[in-house]
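Report on the following structure.
The values are calculated or read from the model by the stated rules, or taken from the named source; none is laboratory data. Computed from a prediction, not measured in an experiment: that's the story for all the values here. Note: ideal-geometry Cβ built from the backbone for every residue, glycine included; neighbour counts use all protein chains shown.
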Amino acid sequence: MDVAVPPLSPDTIFMPLDQPLELKSTLESGQAFRWQQDGEWWWGVVGRHAYALRQVDGGLDVRSSSRSMSAAVTELHDFLRLDDDLDAVYQRLAVDQPLAKAVERYRGMRILRQEPWECLASFLCTPTSNISRISANLKSVAETYGETLTLDGHRLYRFPGASRLAEAGEKGLRGLGLGFHGKFLAQAAKVVADGQLDLMALRSASYQEAKTALLELPGVGDKVADCVLLFSLEKLDGFPVDRWVRRALVDWYGHPEKAKYRDLLEWAQTKWGSDAGYVQQYLFHHRRLQDASDRAD
DNA sequence: GAAGGGCCTTTGAG
DNA sequence: ACTCAAAGGCCCT
């Protein structure tokens, strides 16, 4: 069946994919909070540039504020972790019932390789919050303090650097509705801006070394640390246990409700090794959306 | 050292 | 108008 397709603007390029990718679940599964859907296009920022992405047969249509489209494709490839062999991960997880179900539903959901500072700042805003509020908070922060980018008439904002948010301070951030998260974010911003913590260097550190360093920051406990490790610091064995993952582990794998965080973490890492991060993402997303649809009944 | 409890911001749902 | 919950962490017993 033929569908009328508007012509692509001249600077749209097609990026072929040889990996499973589903944009919606990847960008709306609580790992990144600033991508926005407008019709079939997804708008967001990676590095120094704005992007618009559209899922099409066999790949993505890409628009970017970058002058070099080859650099843009490289940057997206990195961001989307297309270097991970997701089908191989699926094969290893297929023996497990809840995971097989989650993979069937959300095939193509990928872990993202985010910028460590934005990732840390984002997850400092998550405790006892919810995804829609977290997204609103981070949007305010970026619009207030971030550099403006434009792409095809759309305005997007880079996430502000640590020194900019250190200047903003707790007051400025609380003023944006961040609540007590504003204090943690301001404090972390100062530590990073002062060079006391080199986030990028943690990419080449071990899981334990990197985690120990993150746990020094006020507002960073086991869970936030594991999110930053998994979503931005190359630690695919990171296994953040939040409310939803805990429910999944209790109901589907027989763990006691009050199991200690570190016992659950060790169990997951022993069982799934460096697939633990993907396991967590599928359990989280599956469980969260399942409960949401149950409530809608 | 482990375990339990109170507290912290804001927002939306019921 | 009230209570509950939301990708938790900290501090005190």
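Some observations on this one:
- When each of A:Arg113, A:Arg107 is tested for being away from DNA strand C (no atom under 12 Å from the Cβ), touching a Lys or Arg at 6+ places or on another chain (Cβ under 6 Å) and touching a residue at least 60 places away in the same chain (Cβ under 8 Å), the lone residue that passes is A:Arg113.
- A Cβ distance below 6 Å, combined with a sequence gap of six or more or placement on separate chains, defines the contacts here; from the stretch A:159-178, residues that are within 14 Å of A:Ala121 (Cβ to Cβ) reach residues that are outside any helix (DSSP H, G or I) in the pairs A:Phe159/A:Gly146; A:Pro160/A:Gly146.
- The residue that is farthest from DNA strand C (Cβ to nearest atom), counting only those in the stretch A:143-167 that are aliphatic (A, V, I, L, M) and surrounded by 20 or more Cβ atoms within 10 Å (Cβ to Cβ), is A:Leu156.
- Looking across the stretch A:119-129, the residues that are within 12 Å of DNA strand C (Cβ to nearest atom) and closer than 18 Å to A:Phe231 by Cβ come down to A:Cys119, A:Leu120, A:Ser122, A:Phe123, A:Leu124, A:Cys125, A:Thr126, A:Pro127, A:Ser129.
- Any hit, the stretch A:37-60, residues being under 24 Å from A:Ala205 (Cα atoms), polar (S, T, N, Q) and either out of contact with any Pro (no Cβ under 7 Å at 6 or more places or on another chain) or touching a residue at least 24 places away in the same chain (Cβ under 8 Å) (or both): no
- In the stretch A:96-116, the residue that is farthest from the chain's Cα centre (by Cα) out of those that are part of a helix (DSSP H, G or I) and closer than 18 Å to A:Pro240 by Cβ is A:Pro98.
- Only residues that are free of Cβ contacts under 8 Å to residues at least 40 places away in the same chain, within 16 Å of A:Ala102 (Cβ to Cβ) and away from DNA strand C (no atom under 11 Å from the Cβ) were counted across the stretch A:273-297, and they come to 3.
- Listed by position, the helices (runs of 4 or more DSSP H) inside the stretch A:120-228 whose residues that are at pLDDT 95 or above and more than 16 Å from DNA strand B (Cβ to nearest atom) number at least 3 are A:162-174, A:181-193, A:207-215.
- Selection within the stretch A:76-95: residues that are assigned to a loop (DSSP other than H, G, I, E, B) and of a type outside the set (D, E, K, R). The member of this set that is surrounded by the most Cβ atoms within 10 Å (Cβ to Cβ) is A:Leu80.
Conditions tested, residue by residue: (1) touching a Gly at 6+ places or on another chain (Cβ under 7 Å); (2) of a type outside the set (D, E, K, R); (3) buried (at least 20 other Cβ atoms within 10 Å of the Cβ).
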| position | (1), (2), (3) |
| --- | --- |
| A:Gly169 | no, yes, no |
| A:Leu173 | yes, yes, yes |
| A:Leu185 | no, yes, yes |
| A:Met200 | no, yes, no |
| A:Leu217 | no, yes, yes |
| A:Ala225 | no, yes, yes |
| A:Val228 | no, yes, yes |
| A:Phe239 | yes, yes, yes |
